Amino acid sequence: MKLVSYKTEDREHLGVFIKGHIYNLNSCDKLIPDNMNEFLSGGEELMERAKKVNEQIKSGKQEAKEEVFYEVLAPVPHPSSCRDGYAFRQHVASARKNRRVEMIPEFDQYPIFYFTNHNAIQGVGDIECMPDHFEKLDFELEAAIVIGKKGKNIPAAEADSYIAGYMIMNDLSARTLQMEEMLLNLGPAKGKDFSTVIGPWLVTPDELEEFRTSPKEGHTGNAYDLSMKCWVNGIEVSSGSMADMDWTFAEIIERCSYGVDILPGDVIGSGTVGTGCFLELNGTGLLKDPNYKPQWLKSGDIVEMEITGLGRLTNTIRKADTDWSILKLKKNK
């Protein structure tokens, strides 16, 4: 089942995406709330009701009105929190090699994550960025999960049952801001908190069963062999697979839930797939060729991300009509 959040006349709704069309769930079953947050809070009972409606529409057993005039939103427009992990060893190793530092051994000991701004979640469409964001503006190709039920101290062996669904994530990054602030060993903060893109819909785990594969040796949890790609202005710049995740989402959930509640509507990203950002690609290019020309996102660029089974997420980068800069506020330069 593909769950989608959308808006008509400034009101948010919850629907299912079937063969290119959106159908409102609440109009088919009044017990299903008409927004994603309330729906996820209802847990497995509401999820099963939605799956039943989805199957009835697909089979033609239930007539449903197709939405015509709507705006697609992020699948979870108002997450209760947003964390981002660091699951792909290839990306971490390549980025460190490009900086001429050794691979950090702690990567293989435990999964880590950081909190980003859950109020800056966006879906398909235009992404407005400030002037300072364009100082080395970058995409990051990731997958993400949404938590479907409350839990605490969850063992990895049980953690996959807490996943409501999967999405594409683009963790947009302003690298100059990020690198400057992280010199103080805190962050990332302003380099990341302006936009995290998820979408185009939330795909329930049952739809991905055919892609199930074994996790990396010594790891626990479901793994999926899903191709991951990114294009900028129609040119492919990144390619990988979710099967390359070293830490599984189950193991990341185990870490996230230690001593605290995870909640329905929490979003957790995988971290960047290998080759999944310009920072890594530029570093590798310069390491091989000193004359390599680095690339960063510019206003007007179209970023398209696709993950097998999860759809295609498309955004256009726009520059805000302002010259306001926090980089210019630095003191004692």
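Sort out for me the strands (runs of 3 or more DSSP E) sitting completely within region 226-306 that have 2 or more residues that are surrounded by 23 or more Cβ atoms within 10 Å (Cβ to Cβ) and at pLDDT 95 or above.
Because the criterion is at least 2 residues that are surrounded by 23 or more Cβ atoms within 10 Å (Cβ to Cβ) and at pLDDT 95 or above, the strands (runs of 3 or more DSSP E) in region 226-306 that meet it are 227-232, 266-269.
For Ser27, work out the one condition from (1) assigned to a helix (DSSP H, G or I); (2) among the hydroxyl-bearing types (Ser, Thr, Tyr); (3) farther than 30 Å from Ala189 by Cβ it doesn't fulfil.
Failed condition: (1).
Given the criteria within 30 Å of Trp324 (Cα to Cα), crowded, with 19+ Cβ neighbours inside 10 Å and either outside the structural domain of Arg99 (by TED's automatic domain parsing) or not charged (D, E, K, R) (or both), does His133 qualify?
Considered against the rule, which asks whether it is within 30 Å of Trp324 (Cα to Cα), crowded, with 19+ Cβ neighbours inside 10 Å and either outside the structural domain of Arg99 (by TED's automatic domain parsing) or not charged (D, E, K, R) (or both), His133 comes out as yes.
Looking for whichever is surrounded by fewer than 18 Cβ atoms within 10 Å (Cβ to Cβ), at pLDDT 95 or above and over 14 Å from Val16 (Cβ atoms) here; the options are Glu48, Glu38. Which one fits?
Glu38
Kindly provide the set of residues from region 1-24 that are more than 24 Å from the chain's Cα centre (by Cα) and part of a loop (DSSP other than H, G, I, E, B), ordered by number.
Glu9, Asp10
Per-residue answers, yes or no, for (1) over 21 Å from Val92 (Cβ atoms); (2) in contact with a Phe, Trp or Tyr (Cβ under 9 Å, 6 or more places away or on another chain); (3) not hydroxyl-bearing (Ser, Thr, Tyr):
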site: Ile121; (1), (2), (3): yes, no, yes
site: Pro155; (1), (2), (3): yes, no, yes
site: Leu172; (1), (2), (3): no, yes, yes
site: Leu183; (1), (2), (3): no, no, yes
site: Tyr224; (1), (2), (3): no, yes, no
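For region 111-129, does any single residue satisfy the condition of being surrounded by fewer than 22 Cβ atoms within 10 Å (Cβ to Cβ), out of contact with any helix residue (DSSP H, G or I) (no Cβ under 7 Å at 6 or more places or on another chain), part of a strand (DSSP E or B) and of a type in the set (S, T, N, Q)?
Within region 111-129, one or more residues are surrounded by fewer than 22 Cβ atoms within 10 Å (Cβ to Cβ), out of contact with any helix residue (DSSP H, G or I) (no Cβ under 7 Å at 6 or more places or on another chain), part of a strand (DSSP E or B) and of a type in the set (S, T, N, Q).
Which condition does Phe69 not pass, out of (1) closer than 15 Å to Trp201 by Cβ; (2) surrounded by fewer than 18 Cβ atoms within 10 Å (Cβ to Cβ); (3) among the aromatic types (Phe, Trp, Tyr), if it passes all the others?
The one condition Phe69 does not meet is (1).
Filter region 307-333 down to the residues that are surrounded by fewer than 10 Cβ atoms within 10 Å (Cβ to Cβ) and not acidic (Asp, Glu), then identify the one that is modelled with the lowest pLDDT.
Checking each candidate, the answer is Lys333.
Please indicate, with yes or no, whether at least one residue in region 107-117 is in contact with a strand residue (DSSP E or B) (Cβ under 9 Å, 6 or more places away or on another chain), of a type in the set (Ser, Thr, Tyr) and in the same structural domain as Asp193 (by TED's automatic domain parsing).
Yes, some residue in region 107-117 is in contact with a strand residue (DSSP E or B) (Cβ under 9 Å, 6 or more places away or on another chain), of a type in the set (Ser, Thr, Tyr) and in the same structural domain as Asp193 (by TED's automatic domain parsing).
Only one of (1) on the phi < 0 side of the Ramachandran plot; (2) surrounded by fewer than 19 Cβ atoms within 10 Å (Cβ to Cβ) fails for Glu140. Which number is that?
Checking Glu140 against (1) on the phi < 0 side of the Ramachandran plot; (2) surrounded by fewer than 19 Cβ atoms within 10 Å (Cβ to Cβ), the one that fails is (2).
Condition (residue is touching a residue at least 24 places away in the same chain (Cβ under 8 Å) and of a type in the set (Lys, Arg)) applied to region 241-259: is it met by at least one residue?
yes
Of the residues that make up region 145-153, is at least one crowded, with 24+ Cβ neighbours inside 10 Å, of a type in the set (Gly, Ala, Ser), assigned by TED's automatic domain parsing to the domain that holds Tyr224 and closer than 14 Å to Gly271 by Cβ?
no
The values are calculated or read from the model by the stated rules, or taken from the named source; none is laboratory data. Being a predicted model, the structure only gives us computed values, none of them experimental. FYI the Cβ positions are ideal-geometry reconstructions off the backbone, even for glycines, and counts take in every protein chain you see.
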